[in-house]
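Structure record follows, encoded as structure tokens.
The values are calculated or read from the model by the stated rules, or taken from the named source; none is laboratory data. Owing to the predicted nature of the structure, the values given are computational and were not obtained by experimental measurement. Glycine gets a Cβ as well: all are built from the backbone with ideal geometry, and neighbour counts include every protein chain shown. Side chains included, ligands, DNA and RNA excluded: accessible areas come from the protein's heavy atoms. Shrake-Rupley method; radii C 1.70, N 1.55, O 1.52, S 1.80 Å.
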Amino acid sequence: MKIYHTLFFLLAASAFHAQVISGTIISKNENQPIPYVKIGIEKKSIGTISDEKGNFSMDLSNTDPQQKIKIEVPGFDSYQETVQDFKKHDQQKIFLTEKTKNIKEITVKAKKLVDKNWGVNTKTKSVTYFVNPEFDKKNFLGETALEFNAKKRSKIKNINLNIASYVSNEPVLMRYSIYSEKNGFPDKNILEEEITVELTENMIKDGTYTLDVNDRNIWVHGKFFIGIQFLKDFAGRIKISAALFRTGFIREFYGDWQKMTIAAPAINIDVKMDKNGDKNTDDENGFVDDSAVALMPDVSKYIQESEQTVYGQNKVVGNYLKLQDTNLYYEIYGEGEPLILLHGNSGSIKDFYQQIPVLSKQYKVIAIDTRGQGKSIDSSKKDFTYKMFADDVKAVADQLKLNKVNIAGWSDGGNTGLEFALKYPEKLNKLITIGANAFPDGVDNRLMDHFENKMLVLKELKKPEQFNEQRLLKIMLTQPRIAKKDLNRIGNKVLVIAGDNDVIKRDHTELIAKEIPNAELKIYSNATHMIPFENADQLNTDILNFLGKSN
């Protein structure tokens, strides 16, 4: 499922009776301009950033005169005053007072320090935070952050940012911040001095920009956040890798921080952890996993591997079946008894890159891109249903003149397999479901919350090009609707597979196997919903053994 989250935020401005206030931010101690300072309205998304010489202009038209202007820079005391008083500084200097640095002596024996890496490590190019100032030059100045939890006192050595794509002919100016935590959100910047970087393409090595902060002596203990912000527009665009179903945080200027439960930016840190810093024996992974992380692990390496194979893009064995409003794509491998492979929501044939070469040695494997996914195109405006998908499978079987087929379906593909068994029992031999559900309540509530949040975002964006994505999301939120009595009617042999850490509830998987008269149940130990990726060998063996049994 591709997510393109953009860091472009709208600033309020009035075209009439404009009152633009200009000035320069100056260090009171050194009488020197302070570059790239964030000036904004407290608790609002209105603001600007000073240039490299500390100069700024800010439109305060129609702003409540009693609202507070806020200026915060690491190493300086926070500056606040009412809009009414701030306007009096027009064309004048605004002085910030440098903080008195408190140097704390920290003595840690070297032998007690251990190396750790915490955070989001994915380097996927299909799920990204998209930063493109050319789209709207003045409105891309939002900030994104990721939460960490140092259970033991630790020193940050490097801050790593995984960048999927970098396009710019000039250095891109970024600011790093480290915040304390309050009520589950970023609070105060704990840095003693500013960390800004002029990022160029040659600074990105193997998809990662590594910022060395070892000499800055940054020690953390407990929950904290690392944030990044772009400070100056540039002619180009950047895509930051992101991990699905993990929680990131965003805000617009000094507006309230908001949780983004759809995806989190690929920020990770290298630390030196004081192994004996306390007696806490809790988990030491240092990364605050939101509740959905354990449900959907990072599978970006499998996606990258699948992209390097011929499956799903094999012109030699690829075929299309033209149906009303749909052009279904499928590939055929091997000879023998037919076995249809059905992928999960927003997936494609290539997801079975570890199954096809093994299963096709003994079976005629027909791998199908479900309509509206992979290379299958759907031009209709209808809602998707699993019964519709089952009809498509029947159409492919008829096109190939197959009297009976076996089906192995993963996730949504398993749901389609169940509907096929109900609607076309005479066409089905055996069915294998992997992480399937009979109704939406069978899916973990935490994951359904993520889907509902994403649907709200898509509806708010109102982008026509995301119509298909909404359909794919809606089908998971509303379907299937297979009752117990329906499961009782399935007379074919069915192998019901799921992981013990699956997004499908354990009791729901057991219910499916119990209610289907000729079903076998197999729960994989230490396995998630991603069995075809992570447990490929075991799955292949189980499919072959099940299909090889006599009727």
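Computed values, structure above
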| quantity | calculated |
| --- | --- |
| Residues of the range 203-250 classified as under 30 Å from Met448 (Cα atoms) and either touching a Cys at 6+ places or on another chain (Cβ under 9 Å) or open to solvent by 50 Å² or more (accessible area, probe 1.4 Å) (or both), total | 2 |
| Among the residues listed as Glu460, Glu426, Glu452, the single one being under 19 Å from Val127 (Cα atoms) and open to solvent by 80 Å² or more (accessible area, probe 1.4 Å) | Glu452 |
| Subset tally (residues that are assigned to a strand (DSSP E or B) and at pLDDT below 90) for the range 24-38 | 1 |
| Set Ala397, Ala390, Ala408, Ala421: member being outside any helix (DSSP H, G or I) and open to solvent by less than 30 Å² (accessible area, probe 1.4 Å) | Ala408 |
| Among residues of the range 44-67, those that are of a type outside the set (Ser, Thr, Tyr), more than 22 Å from Met174 (Cα to Cα) and surrounded by 13 or more Cβ atoms within 10 Å (Cβ to Cβ), counted | 3 |
| Cβ-Cβ under 8 Å pairs, at least 6 apart or on other chains, the range 509-522 side closer than 13 Å to Asp486 by Cα, far side at pLDDT below 95 and not charged (D, E, K, R) | none |
| Residue count, the range 430-446 (criterion: part of a loop (DSSP other than H, G, I, E, B) and at pLDDT 95 or above) | 5 |
| Among residues of the range 319-329, those that are of a type in the set (Ser, Thr, Tyr) and open to solvent by less than 40 Å² (accessible area, probe 1.4 Å), counted | 2 |
| Thr128 being at pLDDT below 90, open to solvent by less than 10 Å² (accessible area, probe 1.4 Å) and closer than 24 Å to Thr247 by Cα | yes |
| All positions within the range 39-77 that are part of a strand (DSSP E or B) and either over 33 Å from the mean Cα position of the chain (by Cα) or of a type in the set (A, V, I, L, M) (or both) | Ile39, Ile41, Ile49, Asn55, Phe56, Ser57, Met58, Asp59, Lys68, Ile69, Ile71, Phe76 |
| Helices (runs of 4 or more DSSP H) wholly inside the range 484-551 that include at least 3 residues being on the phi > 0 side of the Ramachandran plot and open to solvent by less than 80 Å² (accessible area, probe 1.4 Å) | none |
| Flag for Leu10 being modelled with pLDDT under 90, surrounded by fewer than 20 Cβ atoms within 10 Å (Cβ to Cβ) and out of contact with any His (no Cβ under 9 Å at 6 or more places or on another chain) | yes |
| Condition met for Lys382 (modelled with pLDDT under 95 and within 19 Å of Glu469 (Cα to Cα)) | yes |
| Candidate set: the range 168-202, residues that are open to solvent by less than 30 Å² (accessible area, probe 1.4 Å) and among the polar types (S, T, N, Q); chosen: the one farthest from the chain's Cα centre (by Cα) | Ser168 |
| Pairs where the first residue, in the range 196-219, is farther than 18 Å from Asn117 by Cα and the second is in a helix (DSSP H, G or I) and open to solvent by 60 Å² or more (accessible area, probe 1.4 Å), C-beta under 9 Å, 6+ apart | Val197/Met203 |
| Count of the range 339-385 residues which are of a type outside the set (A, V, I, L, M, F, W, C), assigned to a strand (DSSP E or B), crowded, with 20+ Cβ neighbours inside 10 Å and more than 25 Å from the chain's Cα centre (by Cα) | 1 |
| Matching residues, the range 295-318, being open to solvent by 60 Å² or more (accessible area, probe 1.4 Å) and without any contact (Cβ under 8 Å) to a residue 40 or more places away in the chain | Lys301, Gln308, Val310, Lys315, Val316 |
| Residues of the range 87-123 classified as modelled with pLDDT of 85 or more, open to solvent by less than 50 Å² (accessible area, probe 1.4 Å) and more than 30 Å from Ile25 (Cα to Cα), total | 5 |
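Table: residues versus (1) aliphatic (A, V, I, L, M); (2) under 30 Å from Lys116 (Cβ atoms).
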{"position": "Ile303", "(1), (2)": "yes, yes"}
{"position": "Gln313", "(1), (2)": "no, no"}
{"position": "Asp325", "(1), (2)": "no, no"}
{"position": "Leu328", "(1), (2)": "yes, no"}
{"position": "Glu331", "(1), (2)": "no, no"}
{"position": "Ser346", "(1), (2)": "no, no"}
{"position": "Leu359", "(1), (2)": "yes, no"}
{"position": "Tyr386", "(1), (2)": "no, no"}
